[in-house]
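Enquirer: Sharing a structure below in structure tokens format, with a few things to ask.
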Amino acid sequence: STGLGQTDPELAAAIRDEIHRQQDQIELIASENIVSRAVLEAQGSPLTNKYAEGYPGKRYYGGCEHVDRAETLAIDRAKALFGAEYANVQPSSGSQANQGVFLALLQPGDAILGLSLDAGGHLTHGARPNLSGKWFDAHHYGVRETDAQIDMDALRAQAMELKPKLIIAGGSAYPRVIDFAAFREIADACGARLMVDMAHFAGLVAGGAYPNPVPHADVVTTTTHKTLRGPRGGMILSRDAELGKKFNSAIFPGLQGGPLMHVIAGKAAAFGEALRPDFKDYAKAVIANCKAMAGALEDAGYALVSGGTDSHLALVDLRPKKLTGDIAEKALERAGMTCNKNGVPNDPEKPTVTSGLRIGSPAGTTRGFGTAEFAQIGRWMAEVLDALAANPAGDAEVERRVGDEVKALTVRFPIYPELR
Ligand code: PLP
């Protein structure tokens, strides 16, 4: 073969080891998933060779007739999936989708209002080190002290005072359902546009297990690689095709050059899968599984931010156990469970330490785990963390025993067996 293993063994080894890592551990990072072979095949295709600046039927290069078909499939499927009048499938990432919206709707210095980072918002929603925080007058709303949920009354008062150009709903670590109709009402009252960034829960929306923001928002952005289970990338949707023309110009030529046609083909493949009836079962299972895992942790005495979850993710507040996110993440990884440290609302610790853990069920659900497996995972996590609370260096014996059980579970639910 003239495959990578022959031509570049060093790189081939890194890829092989990463495949084995994915196969042999339990992936609990809430923003990750496991794509189908169809998505891998589209993404690994020679469509990567093609320059196609512009949009289907209006390109700046010749030879685009076939990639036009692939992009049109992605657009039509995205519109059908989310009930949108407009879709742009070209943003290379979720961040670029958001930047495209800002370029289309805002001027430098305009006021924007998004969920704060420590309450579960995203960097691109006006965080200080991000372009959105440097170029705009970025303000943030938080969550209520009592239940860690968005306080719509406080948000309304803040929005009426600030009169932002754009209100942003959505985030990366908010476990609850967001009331999009209430956001719409506040945006109308203060004269703002409403953008919903559904990156995290897009797959739940596609599967009918979480409210659809498209009827309420002026524009909806998303990544395609989280719960939606497609290739790494972004997308912009709207119920307003006229507004869509502005987003198209913002993405190209405003922000990007040649779109990643192989990734767009991967998006078409993933959207095709999400349109199938079994994706509804998947979305429902993701939420049931997350509740099972979070419930097991709660039964073991762990506190959940907001007291639970309605989605694919839960946030564990480690403060009552006198643990921090950084050492908890590392101990769980030693036991074969991968998740990430995460700030909790009003976190006293630095972002590199944190007081929380974010856990999610999208990837495990894809590999076939049900509520029994996820409840077991919750119990394993509690065992490892209890041992860590008793000994800050971690209990090697407990981590090894749990790690062996984790490994046995992954063997029962294999992924990419042909890539072993
Ligand atoms: N928006 C939200 C809510 C996210 O959680 C993320 C990813 O973490 C992004 C945007 C950015 O996506 P990307 O990493 O593709 O730039």
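Enquirer: Which members of the range 308-319 meet the condition of being hydrophobic (A, V, I, L, M, F, W, C) and either in contact with a Pro (Cβ under 9 Å, 6 or more places away or on another chain) or assigned to a strand (DSSP E or B) (or both)?
Expert: Leu313, Ala314, Leu315, Val316
Enquirer: Quick check on the range 131-150: of everything there that is in contact (Cβ under 8 Å) with a residue 24 or more places away in the chain and of a type in the set (S, T, N, Q), which residue is nearest to the ligand (Cβ to nearest atom)?
Expert: Only one residue fits best here, namely Ser132.
Enquirer: Please go through (1) surrounded by 24 or more Cβ atoms within 10 Å (Cβ to Cβ); (2) more than 13 Å from the ligand (Cβ to nearest atom) for Gly120 and return the number of the only condition it doesn't satisfy.
Expert: Only one criterion in (1) surrounded by 24 or more Cβ atoms within 10 Å (Cβ to Cβ); (2) more than 13 Å from the ligand (Cβ to nearest atom) is unmet by Gly120, namely (2).
Enquirer: Failed condition for Gln90, given (1) surrounded by 23 or more Cβ atoms within 10 Å (Cβ to Cβ); (2) more than 16 Å from the ligand (Cβ to nearest atom); (3) in a loop (DSSP other than H, G, I, E, B), with all others met?
Expert: The single condition Gln90 does not satisfy is (2).
Enquirer: Determine the pairs where a residue that is surrounded by fewer than 11 Cβ atoms within 10 Å (Cβ to Cβ), located within the range 1-16, has a partner that is at pLDDT 95 or above with Cβ atoms under 8 Å apart, the partner being 6 or more residues away or on another chain.
Expert: Note: pairs meeting the criteria are Gly3/Ala12.
Enquirer: Consider the range 172-205. How many of its residues are more than 16 Å from the ligand (Cβ to nearest atom) and in contact (Cβ under 8 Å) with a residue 60 or more places away in the chain?
Expert: Going through the range 172-205 one residue at a time, the tally reaches 2.
Enquirer: Could I ask something else about it? For the range 93-109, give me the residue count where each residue is closer than 30 Å to Asp68 by Cβ and more than 13 Å from the ligand (Cβ to nearest atom).
Expert: So the answer is 3.
Enquirer: Would you please name the residue that is surrounded by the fewest Cβ atoms within 10 Å (Cβ to Cβ), looking only at residues in the range 17-58 that are small (Gly, Ala, Ser) and within 16 Å of the ligand (Cβ to nearest atom)?
Expert: Selected residue: Ser31.
Enquirer: Shifting gears a bit: Would it be correct to say that Gly244 is surrounded by fewer than 23 Cβ atoms within 10 Å (Cβ to Cβ), small (Gly, Ala, Ser), at pLDDT 95 or above and part of a helix (DSSP H, G or I)?
Expert: Judged against the criteria, Gly244 is a match.
Enquirer: If you scan the range 274-307, which residues turn out to be aromatic (Phe, Trp, Tyr) and assigned to a helix (DSSP H, G or I)?
Expert: Phe279, Tyr282
Enquirer: Any idea which of (1) within 16 Å of the ligand (Cβ to nearest atom); (2) part of a helix (DSSP H, G or I); (3) not aromatic (Phe, Trp, Tyr) is the one Ile112 doesn't satisfy?
Expert: Going through the list (1) within 16 Å of the ligand (Cβ to nearest atom); (2) part of a helix (DSSP H, G or I); (3) not aromatic (Phe, Trp, Tyr), Ile112 breaks only (2).
Enquirer: What's the total number of residues in the range 233-265 that are within 16 Å of the ligand (Cβ to nearest atom), over 22 Å from Gly83 (Cα atoms) and not hydrophobic (A, V, I, L, M, F, W, C)?
Expert: 2
Enquirer: Sticking with this structure for a sec: Restricting attention to the range 62-102, which residues are in contact with a Pro (Cβ under 7 Å, 6 or more places away or on another chain), in contact (Cβ under 8 Å) with a residue 24 or more places away in the chain and among the polar types (S, T, N, Q)?
Expert: Gln90
The values are calculated or read from the model by the stated rules, or taken from the named source; none is laboratory data. What you see is a predicted model, and the numbers here were worked out from it, not measured in a lab. Neighbour counts are summed over all protein chains in view; Cβ atoms, including those assigned to glycine, are modelled from backbone coordinates with ideal geometry.
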